[in-house]
Amino acid sequence: MARYTGPTTRIARKLGEPIFGPDKVLEKKNYPPGMHGQTKRRKKVSEYGTQLLEKQKAKFTYGLLEKQFFNTFKKAERMKGVTGEILLQLLETRLDNVVFRLGIAPTRSAARQLVSHRHITVNGSVVNIPSYSLKGGDLVGVREKSKSLETITESLISERHTKYSWLEWDKEQFAGKYLNNPERSDIPENIKEQLIVELYSK
């Protein structure tokens, strides 16, 4: 499946946040990319521009292409509740995102690769679709023959799963349970989802 493979630091600088993880270059150059750096007088960003940047931030954070993201938004729009919050919940239910949240992979990109390469199971069966949507009670695990992979063992040291109330990790089984959809206040991403709703409502 096609996905963005370009320079991540440039995107992070444009959006002003380390959406791909810690970035030393972003720390030193916390201003948008461009040949004139900080010296160039930059125009004030329009309302549309602000909304577009917010959508781009969400899209790159979760690793979706434009059509995937739009389809996810349309699905959220059809569901009952606050569209922006439902959008983020739908993004959080993606298998690649949960593999990342559980600490099985160091980044969402690495999580997508683990899923695509058939290292991950859901309720005991191998699932190789990164966008697979999880439901409350689903068990996400590592295939038996994949438990010794260096990428996985090193990533699990972070114990990232302990940060999230909607996840439960069993280190003996190398598996985590997706308990329920998180509340908006529990999702740590700095995304102003209402701006995305306003953008698509134009």
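The values are calculated or read from the model by the stated rules, or taken from the named source; none is laboratory data. Worth saying up front: this structure is predicted, and the values here are computed from it rather than measured. All Cβ positions, even for glycine, are placed from backbone atoms using ideal geometry, and neighbour counts span all protein chains on display.
Structure notes:
- One residue stands out in segment 55-80 among those that are within 23 Å of Asp138 (Cα to Cα) and part of a loop (DSSP other than H, G, I, E, B): the one that is nearest to the chain's Cα centre (by Cα), namely Gly63.
- Put simply, of Ser133, Ser46 the only residue that is within 17 Å of Gln194 (Cα to Cα) and more than 11 Å from the chain's Cα centre (by Cα) is Ser46.
- Any hit, segment 177-189, residues being over 27 Å from Glu54 (Cα atoms) and small (Gly, Ala, Ser): no
- Just one of the listed residues (Thr72, Thr61) is outside the structural domain of Val142 (by TED's automatic domain parsing), of a type in the set (S, T, N, Q) and in contact with a helix residue (DSSP H, G or I) (Cβ under 6 Å, 6 or more places away or on another chain), and it is Thr72.
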